[in-house]
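Asks: Okay, here's the structure, questions in a sec.
The values are calculated or read from the model by the stated rules, or taken from the named source; none is laboratory data. Computed from a predicted structure; not experimentally measured. All Cβ positions, glycine included, derive from the backbone under ideal geometry; neighbour counts span all protein chains shown.
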Amino acid sequence: MCTSIVYSAGDGYFGRNLDLEVSFGQEVVITPRDYAFNFRKLPTMEHHYAIIGVALVKDNYPLYFDGVNEEGVGMAGLNFDGPAHFFSVEDGKDNVSPFEFIPYVLGQCKSVEEAKQLMTNLNLVNINFSDQLKLSPLHWLIADRSGKSIVVESTVTGLHVYDNPVGVLTNNPEFPQQLTNLANYQSVSPAEPANTLTPGIALNNYSRGIGSHLLPGGMDSESRFVKETFTKMHAPAGKSERENVTNYFHTLNAVDQQKGLDEVAPNTFEYTIYSDGVNLATGTLYYTTYENNQINAVAMRNANLNSSDLVSYPMLNNQAINYQN
Ligand SMILES: C[C@H](CCC(=O)NCC(=O)O)[C@H]1CC[C@H]2[C@@H]3[C@H](O)C[C@@H]4C[C@H](O)CC[C@]4(C)[C@H]3CC[C@]12C
């Protein structure tokens with residue numbers, strides 16, 4: 001499972017937890033402005049906005065899991081197994097395969113509003129990247145610097161673009177159901193609750209944090225959606241980049257998956273392989289991995305963005321411990 005957020009403190013941050021049982025060999029990848037994006041059913045995009053994100057590079061093509069462009073638009077693909085449905089190529093439509101969707105949007109949109117416009121004639125088509133890398137059943141979170149975000153889901157009933165008032169996405173069920181489910185938790189609060197259970201009879205508030213007693217804590221996508229929404233909505237805005245990045249990772253850590261807790265096949269466990277967050281104004285990507293809690297950073301603007309060559313940085317996976325004596 002996965003969780004993706006837009007966090008509106010300071011410059012704004014966008015990223016995700018990638019939760020899975022296998023690693024694909026992904027890296028931090030910068031796609032400069034003159035790398036030619038070839039599309040299967042649309043003309044080549046010779047020039048576009050530069051992108052930084054996490055991707056698997058295959059045959060010199062960046063298969064982005066998530067990314068942010070130099071205009072501060074972010075987009076992440078998350079598992080949507082079951083409801084996801086992709087269509088056959090249709091004449092007169094903008095036929096884009098799911099693996100092309102992140103470059104298609106981030107390559108040319110400056111805002112969520114522009115992304116919405118771009119999608120009015122979109123048909124997400126069932127074309128595999130290759131025989132080895134087949135279609136993935138995904139849905140997407142797209143957000144911009146204003147904090148505005150949308151969710152894109154392609155199901156048997158067609159393409160759906162939903163406004164996302166909470167700026168969080170996990171996995172199933174379909175997004176409108178995830179939002180509806182929040183109503184069940186609206187009394188969850190950082191504050192001590194008012195006792196409406198036993199009017200006139202005082203209850204012993206035996207612990208701090210009783211206002212969040214009903215918050216779900218499971219690994220499932222419905223629980224993570226509620227928990228992350230609560231955590232993010234109450235996360236403080238810091239005064240510095242360091243403070244905001246720290247808060248950002250604490251927010252995502254609230255729903256990270258430790259090894260051993262989510263068994264997806266006998267003795268095989270899904271876990272949070274990496275967490276990342278990109279500053280939407282500077283394009284600096286911060287990340288941690290399961291093995292390495294140290295926050296590492298790659299700055300998009302330190303690369304030559306007027307180039308046609310992809311730049312990749314392997315994720316640093318060795319736990320960096322500060323020994324103090
Ligand atoms: C499976 C994960 C989503 C995480 C998740 O929700 N996982 C577990 C679960 O719930 O089952 C998705 C997110 C991005 C996806 C990748 C990207 O879309 C890029 C690429 C696209 C190709 O069509 C298939 C391989 C490949 C490399 C995809 C493999 C599956 C990935 C890695």
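Asks: Surrounded by fewer than 17 Cβ atoms within 10 Å (Cβ to Cβ) and aliphatic (A, V, I, L, M) - does that describe any residue in the stretch 93-116?
Replies: For the stretch 93-116, residues surrounded by fewer than 17 Cβ atoms within 10 Å (Cβ to Cβ) and aliphatic (A, V, I, L, M): absent.
Asks: Return the residue satisfying two criteria in turn: it lies in the stretch 46-60 and is crowded, with 20+ Cβ neighbours inside 10 Å and in a strand (DSSP E or B), and of such residues it is nearest to the ligand (Cβ to nearest atom).
Replies: Step by step, filter the stretch 46-60, then rank; the result is 55.
Asks: Restricting to the stretch 1-45, and then to whatever is among the acidic types (Asp, Glu) and assigned to a loop (DSSP other than H, G, I, E, B), can you tell me which residue is nearest to residue 72 (Cα to Cα)?
Replies: So the residue we want is 11.
Asks: Between a residue in the stretch 75-87 that is more than 8 Å from the ligand (Cβ to nearest atom) and assigned to a loop (DSSP other than H, G, I, E, B) and any residue that is at pLDDT 95 or above and β-branched (Val, Ile, Thr), which pairs come within a Cβ distance under 7 Å, given they are 6 or more apart or on different chains?
Replies: 83/155; 84/155; 85/155; 85/156; 86/125
Asks: Here's another thing I want to ask about it. Take the stretch 31-45 and flag every residue that is within 15 Å of the ligand (Cβ to nearest atom) and β-branched (Val, Ile, Thr).
Replies: If the condition is that a residue be within 15 Å of the ligand (Cβ to nearest atom) and β-branched (Val, Ile, Thr), then 31 is the only one that fits.
Asks: From the residues in the stretch 109-130 that are closer than 21 Å to residue 56 by Cα and in a loop (DSSP other than H, G, I, E, B), which one is nearest to the ligand (Cβ to nearest atom)?
Replies: 129
Asks: Which residues, taken from the stretch 125-154, are among the small types (Gly, Ala, Ser) and either without any contact (Cβ under 8 Å) to a residue 24 or more places away in the chain or in contact with a helix residue (DSSP H, G or I) (Cβ under 9 Å, 6 or more places away or on another chain) (or both)?
Replies: 136, 143, 146, 149, 154 - these are the residues of the stretch 125-154 that are among the small types (Gly, Ala, Ser) and either without any contact (Cβ under 8 Å) to a residue 24 or more places away in the chain or in contact with a helix residue (DSSP H, G or I) (Cβ under 9 Å, 6 or more places away or on another chain) (or both).
Asks: Next question. Taking residue 95 as the residue in question, decide whether it is within 16 Å of the ligand (Cβ to nearest atom), part of a strand (DSSP E or B) and among the polar types (S, T, N, Q).
Replies: Values: within 16 Å of the ligand (Cβ to nearest atom): yes; part of a strand (DSSP E or B): yes; among the polar types (S, T, N, Q): yes.
In short, yes.
Asks: Identify the single condition in (1) surrounded by fewer than 16 Cβ atoms within 10 Å (Cβ to Cβ); (2) over 24 Å from residue 8 (Cβ atoms) that residue 237 does not satisfy, given that it satisfies every other one.
Replies: Exception for residue 237: condition (2).
Asks: Tell me which strands (runs of 3 or more DSSP E) are completely within the stretch 131-206 and hold 2 or more residues being more than 14 Å from the ligand (Cβ to nearest atom), β-branched (Val, Ile, Thr) and surrounded by 12 or more Cβ atoms within 10 Å (Cβ to Cβ), or say none if there are none.
Replies: 149-155
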